[in-house]
Every structure is written in structure tokens, then in C-alpha cells.
Amino acid sequence: MERVFPNFDLMKERLLVEYTVEVRFGDIDVMGHVNNAVYLSYFEQARMAFFKELIGGEWDWNEAGILLARNEVDYIQPILLSDQVTVKTWCSKVGNSSLVIEYEVTRTPAGSTDTSVCTKGKSVLVCFDYHKKQKTLVPVSWKEKLVS
């Protein structure tokens, strides 16, 4: 049974990680903005920063691994090559064997101080034991940091 937190702003405050993304020339498409597929890479980079903050430097992926089960992306406005980009990442749901990680991507145009939300998204992750080749429970140490 998934535990849903009605006050997910509290979840954001508990462990909110901000990650700065460098927009690369290769991220840009013919329209002059970041290609829609690249946002999943930005989410992945931010998610790894989130887990580094949650778990620390040592992580045995074989025993406490994760599988990406689902991604959702809501595109609000484009990101351009010269924009400063930040991805805010937090956990909004903790289940028995899964987590929902959410993202808010903001952009600050070059030479400006105005920051705006350009993308929102979420990922469903399933905890997985690669030795046993089966899903596993969310580690207690993770839950303690996310919901206590």
C-alpha cells in the first residue's frame, strides 16, 4: 500500500535538493531550445544528486538498487542555450517498494534575474535487489530521512 502525503510541501521541505544543469550545445534542437528528450537526462542528473544527498557517497546498487518504472514531463516554456537552469528534486510519495520523485525545472535567462518554472515532472522508482533479481522494500534508512 502506497503512503501518500497530503501535505507534500512538507515532503519538499524535508529533503529538497537543487541541482544546477549546464545546457550544452548538443541539447539544443533546430528550433533553438532544449530538445524534449533531453529533459529526462536533466531529471536523471538531478535524481542522482538527490540520492547522493539521501544516501551519501557509498551506495551498493546491487542490494539497494532502483529501477525507473515511469516518467512524466509537463513542458511549460522552452529552455534556451544561454539560460541558467536549476532542477529542484524531492520525494512526494513513499510506498512499500516504490518512491515518486518530483522535479521542478527553472530557468533564468542570461543577463536577467527573473526566474520562471519551465518544466515539471515526476518519476516512479521501484527498489530492486539485483542479486535476487526481484523488487525489494524501500530501505528503512531512506524512509527515515524522507518521512520522519
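The values are calculated or read from the model by the stated rules, or taken from the named source; none is laboratory data. Since the model is a prediction, treat every value here as computed from it, not as a measurement. Note that we place each Cβ from the backbone using ideal geometry, even for glycine, and neighbour counts take in every protein chain shown.
Below, the figures for the structure above:
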| item | result |
| --- | --- |
| Criterion violated by residue 62 - all others in (1) buried (at least 16 other Cβ atoms within 10 Å of the Cβ); (2) in a loop (DSSP other than H, G, I, E, B) satisfied | (1) |
| First in segment 47-58 and over 13 Å from residue 101 (Cβ atoms), second anywhere and of a type in the set (S, T, N, Q) and exposed (fewer than 15 other Cβ atoms within 10 Å of the Cβ), Cβ under 9 Å, 6 or more apart | 55/141 |
| Residue within segment 108-123 that is touching a Gly at 6+ places or on another chain (Cβ under 6 Å), more than 19 Å from residue 15 (Cα to Cα) and not in a loop (DSSP other than H, G, I, E, B) present | no |
| Search result, residues across segment 20-39 that are in a helix (DSSP H, G or I) and in contact with a strand residue (DSSP E or B) (Cβ under 6 Å, 6 or more places away or on another chain) | 27, 39 |
| Selection within segment 85-108 - without any contact (Cβ under 8 Å) to a residue 40 or more places away in the chain and out of contact with any strand residue (DSSP E or B) (no Cβ under 7 Å at 6 or more places or on another chain) | none |
| Residue match in segment 65-88 (condition: among the polar types (S, T, N, Q), closer than 20 Å to residue 16 by Cα and modelled with pLDDT under 95) | no |
